[in-house]
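Chemist: Following this message is one structure expressed as structure tokens.
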Amino acid sequence: MNSSDVSSRGRRAFFRTAVLAAGAATLNPTPSQGAPGDATPAPAAPVGYLCFSPDEAAFVEALVEVMCPADDLTPGGIDCGLAYFMDRQLAGPFGKGDRLYRRGPWRPGRPEDGYQLPLTPEQFFKAGIKAANQACLAAHRRQFPELTAEEADRMLQAFSTGDLKAPVFGFSEWFNDLVYPLFTQACFADPIYGGNRGKVFWSLIGYPGLPAVNGLNMVKYRGKPYPGAHPPKSIEDFS
């Protein structure tokens, strides 16, 4: 999760593993298709956040830069649109809990029961930011955006493993069930939703985008280079 060579290799492995889990890694790029870094996102016009306050935006921008640091293959998380994607998702129906049962009673649930909180995803996300900043102040006397990349990386690992305990907040549930899924979606969703800017992550793993819905091609090119993956096609390309 930092900019060292070891972490960069780990991040490459994460992206490939994430797509394998989604069944998309059957369409692999060939070396002749060029380095994924060739698909550097074009600079986008500055846009405002709909959900995040300035302090919350600073936290999320620091988070995506730690989880997706710039290297020779991809830009940093901010330039890839990851914070923008997360903001738009939390500002929309998902963040407002439009499809969640919200009437209680709020009893403790089992892990397989899924989301069992009275908070909307937006409220839970923001409560986590506040609790995380407090935890960082206690550990480092600085809030999360002020930490070094190494310090922030260690804090995120502590949140995800549950090693960091808070009296009234479950960091592991917050990070593993909300933050990390949003981050992964921001990386691999269609760029029309704000993340994966310039299709940089699709190019990185050789994912063709919309053509991947063709089941015949998925069978034909399973384990083989897919010629339509360079360049990948998004919703906007067919609009």
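The values are calculated or read from the model by the stated rules, or taken from the named source; none is laboratory data. This structure is a prediction, so every number in the text was calculated from the model and none was measured. Note that each Cβ is placed from the backbone with ideal geometry, even for glycine, and that neighbours are counted across all protein chains shown.
Chemist: If SER32 passes every condition in (1) more than 12 Å from LEU204 (Cα to Cα); (2) touching a helix residue (DSSP H, G or I) at 6+ places or on another chain (Cβ under 8 Å); (3) polar (S, T, N, Q); (4) at pLDDT below 95 but one, which one does it miss?
Modeler: Among (1) more than 12 Å from LEU204 (Cα to Cα); (2) touching a helix residue (DSSP H, G or I) at 6+ places or on another chain (Cβ under 8 Å); (3) polar (S, T, N, Q); (4) at pLDDT below 95, SER32 violates only (2).
Chemist: Return yes when LEU178 is farther than 23 Å from ALA70 by Cβ and either charged (D, E, K, R) or over 14 Å from the mean Cα position of the chain (by Cα) (or both) and no when it is not.
Modeler: On the way: farther than 23 Å from ALA70 by Cβ: yes; either charged (D, E, K, R) or over 14 Å from the mean Cα position of the chain (by Cα) (or both): no.
Criteria not met by LEU178.
Chemist: Does GLN134 satisfy the condition of being in contact with a Pro (Cβ under 8 Å, 6 or more places away or on another chain), free of Cβ contacts under 8 Å to residues at least 60 places away in the same chain and not hydroxyl-bearing (Ser, Thr, Tyr)? Spell out how you get there, then give the answer.
Modeler: Working: in contact with a Pro (Cβ under 8 Å, 6 or more places away or on another chain): no; free of Cβ contacts under 8 Å to residues at least 60 places away in the same chain: yes; not hydroxyl-bearing (Ser, Thr, Tyr): yes.
In short, no.
Chemist: Select from segment 92-142 the residues that are over 17 Å from GLU173 (Cβ atoms) and either among the acidic types (Asp, Glu) or in contact with a Phe, Trp or Tyr (Cβ under 7 Å, 6 or more places away or on another chain) (or both) and write down the one among them that is surrounded by the most Cβ atoms within 10 Å (Cβ to Cβ).
Modeler: CYS136
Chemist: Also, quick follow-up: Failed condition for LEU156, given (1) more than 16 Å from the chain's Cα centre (by Cα); (2) at pLDDT 95 or above, with all others met?
Modeler: (1)
Chemist: Return the total of residues in segment 137-163 being touching a helix residue (DSSP H, G or I) at 6+ places or on another chain (Cβ under 7 Å), under 20 Å from LEU182 (Cβ atoms) and among the hydrophobic types (A, V, I, L, M, F, W, C).
Modeler: 5
Chemist: What tally of residues in segment 210-231 results from selecting those that are buried (at least 23 other Cβ atoms within 10 Å of the Cβ) and under 28 Å from GLY92 (Cα atoms)?
Modeler: The initial filter retains those residues of segment 210-231 that are buried (at least 23 other Cβ atoms within 10 Å of the Cβ), namely 226, 229.
Imposing the further condition that a residue be under 28 Å from GLY92 (Cα atoms) reduces the set to none.
Total meeting the criteria: 0.
Residues checked against (1) over 29 Å from GLN134 (Cβ atoms); (2) under 19 Å from the mean Cα position of the chain (by Cα); (3) at pLDDT below 50; (4) of a type outside the set (Gly, Ala, Ser):
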site: ALA18; (1), (2), (3), (4): yes, yes, yes, no
site: ALA24; (1), (2), (3), (4): yes, yes, yes, no
site: LEU27; (1), (2), (3), (4): yes, no, yes, yes
site: PRO36; (1), (2), (3), (4): yes, yes, yes, yes
site: PRO46; (1), (2), (3), (4): yes, no, yes, yes
site: CYS51; (1), (2), (3), (4): no, yes, no, yes
site: GLU65; (1), (2), (3), (4): no, yes, no, yes
site: PRO75; (1), (2), (3), (4): yes, yes, no, yes
site: ARG107; (1), (2), (3), (4): no, no, no, yes
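Chemist: Taking THR184, is it modelled with pLDDT of 95 or more and over 14 Å from the mean Cα position of the chain (by Cα)?
Modeler: Working: modelled with pLDDT of 95 or more: yes; over 14 Å from the mean Cα position of the chain (by Cα): no.
Answer is no for this residue.
Chemist: Restricting attention to segment 55-68, does a residue exist that is of a type outside the set (Phe, Trp, Tyr), surrounded by fewer than 23 Cβ atoms within 10 Å (Cβ to Cβ) and not in a helix (DSSP H, G or I)?
Modeler: The answer is no, given that none of the residues of segment 55-68 is of a type outside the set (Phe, Trp, Tyr), surrounded by fewer than 23 Cβ atoms within 10 Å (Cβ to Cβ) and not in a helix (DSSP H, G or I).
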